[in-house]
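Trainee: I am attaching a structure below and will ask some questions about it afterwards.
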Amino acid sequence: MRFLSFPERTEETVREMQWEQRSLVPLSAAALVAANVRERLQGALGSVEVRLFAPRIPDEVGWTALRAGARIDGVRGPLGVAAFVTRPEELRSLVGLAFGVAIPGSRALSVVEKQVFERFLRLIAPALAPLCGGGAAPEAMGDRRFSSYFELLVEGGACGRLGVALESEPQPGAPHAAPIERIAHIELALHARAECAQMRAGEIAAWAPGALVPLRRGEITLVADGEALARGELGVRNHHFAVAIARGATTSND
């Protein structure tokens, strides 16, 4: 999402405003992912710390750099798709954490080392649940486009970075409706709105006190604060006009 922002303060009195892209991923959700990754790795590797870097939205150049030679393993869940992004040098570092040694970049990973990384992914994949709602085992998603991105720095004898990407920005949820008990005492000004039949302009121009204006089927719309609440039929009860409610309003303002 684009936000209106200002550059960092300088000696100049006037600062030029600008639009910038900011991730809508809640920092609390990203922190929960980091905590889950740390907990799962500590159970397998012992003492491990995980540091979180704030979510952001890389531009096309940034995504090109992040994708270059990287593994992208995603999890599909009810809330969307989240994925781990592991660049080649970071993959070696993370595998090195499991073996307790640094793996030189001059050689390819062995079959055993690749299997260790696959197990590593399956171990930490459930940590993405706060972002995607949980899902099955991770799958390759190298061709998929993503939006938000943040990184986890895994420290434990050696250091390795693990990227986390989201396919789409979280959508702000609608506020929950207040319980009726909390608003039952509030008074609302209720209005009745009638729909008139079509009339010629000449007939309207000839209106005078006492003129009769036909209504369309006698249908009345009950309105409060500009919002249509219900519809019903106009009638008389106990010598007063009354509305017999037939149904709720199907639109918010018509």
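Trainee: Checking the structure you have, find out if any residue of region 100-120 is among the hydrophobic types (A, V, I, L, M, F, W, C), within 24 Å of LEU27 (Cβ to Cβ) and either part of a helix (DSSP H, G or I) or at pLDDT 90 or above (or both).
Mentor: At the first step, the residues of region 100-120 found to be among the hydrophobic types (A, V, I, L, M, F, W, C) are 101-103, 108-109, 111-112, 116-117, 120.
Then keep just the ones that are within 24 Å of LEU27 (Cβ to Cβ); that gives none.
There is no residue in region 100-120 that is among the hydrophobic types (A, V, I, L, M, F, W, C), within 24 Å of LEU27 (Cβ to Cβ) and either part of a helix (DSSP H, G or I) or at pLDDT 90 or above (or both).
Trainee: Tally the residues that are part of a loop (DSSP other than H, G, I, E, B) and free of Cβ contacts under 8 Å to residues at least 60 places away in the same chain, restricting the search to region 20-73. Full working, then the answer.
Mentor: Keep residues of region 20-73 that are part of a loop (DSSP other than H, G, I, E, B), which gives 22-26, 46-48, 53-55, 57-59, 68-70.
Filter once more, so that each one left must be free of Cβ contacts under 8 Å to residues at least 60 places away in the same chain: 22, 59, 68-69.
Selection size over region 20-73: 4.
Trainee: Which residues, taken from region 71-91, are surrounded by fewer than 19 Cβ atoms within 10 Å (Cβ to Cβ) and of a type in the set (A, V, I, L, M, F, W, C)?
Mentor: Residue satisfying the conditions is LEU79 alone.
Trainee: So, in region 126-144, how many residues would count as being assigned to a helix (DSSP H, G or I) and in contact with a helix residue (DSSP H, G or I) (Cβ under 9 Å, 6 or more places away or on another chain)?
Mentor: 6
Trainee: LEU66 - would you say it is more than 20 Å from the chain's Cα centre (by Cα), within 26 Å of ALA136 (Cβ to Cβ) and either among the aromatic types (Phe, Trp, Tyr) or surrounded by fewer than 19 Cβ atoms within 10 Å (Cβ to Cβ) (or both)? Walk me through it before giving the result.
Mentor: Values: more than 20 Å from the chain's Cα centre (by Cα): yes; within 26 Å of ALA136 (Cβ to Cβ): yes; either among the aromatic types (Phe, Trp, Tyr) or surrounded by fewer than 19 Cβ atoms within 10 Å (Cβ to Cβ) (or both): yes.
So LEU66 fits the description; yes.
Every residue, every condition in (1) among the aliphatic types (A, V, I, L, M); (2) more than 20 Å from ARG144 (Cα to Cα), yes or no:
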| position | (1), (2) |
| --- | --- |
| SER28 | no, yes |
| GLN42 | no, yes |
| GLY46 | no, yes |
| GLY62 | no, no |
| ALA70 | yes, no |
| ASP73 | no, no |
| ALA82 | yes, no |
| GLY100 | no, yes |
| GLU113 | no, yes |
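The values are calculated or read from the model by the stated rules, or taken from the named source; none is laboratory data. Bear in mind that the values here come from a model prediction, so they are computed numbers and not experimental data. Every residue, glycine among them, receives a Cβ derived from its backbone with ideal geometry; neighbour counts consider all protein chains shown.
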